[in-house]
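One structure below.
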Amino acid sequence: MSQLFYLKECSSTNDEISKFLLYGDSNFIGLHTFNQTKGRGQYGNIWTQTAGKNLAYTLAVNTQNILCSDFMFNYYTAMVIRDFLAKLSDSEVKIKWPNDIILKGKKIVGILIEKKKINQNNYFIIGAGINILQESFDEISNAGSLLTQTGIRFDLEELAFNLHEYLSERLKSIPSDQEILDGFNKNLFRKDQISVFEIEKERQNGIIRHADEKGELWIELEDGMHSFYHKEVKLLY
């Protein structure tokens, strides 16, 4: 049963979601706020939000019927959120490996997926921070919002409800691993373009070729093809 709850303010929707999983068959339970005070990003990064301008959203998905690997689930979730925002903004939206969402060159979504055992059930806890109405990003030059990138002022509550419905529905029928990989790589940010990377504290030119089923990113460097896990390589520009 899919439900969406709202908190006027909370520290982190990923942390608070457990309070809403009250029944043994709880699944596709969503929680959102427009004032998250201690958001977390991937690998311990901080996700800061301006109150009343952006959406912090979490969806709890019972792992029982999820047959794909964790990597594939992460890829597919990023793909679905990308698809939702592409339809919403009628713009080119890309996935920056492994799962940031880029709209017209600026990061507008950060995704954090965790696995937790809550009330004897295992869940994927999908957290998404979406910049919607924020206009100023002084400290983070690579960040933007739906407003800065499209000029459109979206309704926060309506967007939250539509995202919840769309994501819940798409996650109920997950395609094959190959379909997920193909879709993910089709929308991979800066794929087949010369980019600058930071690898072991050194800058190198390279070309992103594809992401694989093990969660690795394959980059063609001057001495050939290399694969990297997250945090082993940083895309600079």
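The values are calculated or read from the model by the stated rules, or taken from the named source; none is laboratory data. Remember, it's a predicted structure, so these values are computed and weren't measured experimentally. Neighbour counts run over all protein chains shown; Cβ positions are idealised from the backbone, glycine included.
Brief remarks on what is shown
- In the set (1) touching a strand residue (DSSP E or B) at 6+ places or on another chain (Cβ under 8 Å); (2) surrounded by fewer than 17 Cβ atoms within 10 Å (Cβ to Cβ), the condition left unmet by residue 223 is number (1).
- Selection of first residues in the range 3-18 that are loosely packed, with under 15 Cβ neighbours inside 10 Å and of second residues that are part of a loop (DSSP other than H, G, I, E, B) and at pLDDT 95 or above, restricted to Cβ pairs under 8 Å at least 6 apart or on distinct chains, gives the following pairs, ordered by first then second residue: 3/28.
- Residue count for the range 89-99 satisfying the condition of being modelled with pLDDT under 95 and either part of a strand (DSSP E or B) or closer than 19 Å to residue 147 by Cβ (or both): 4.
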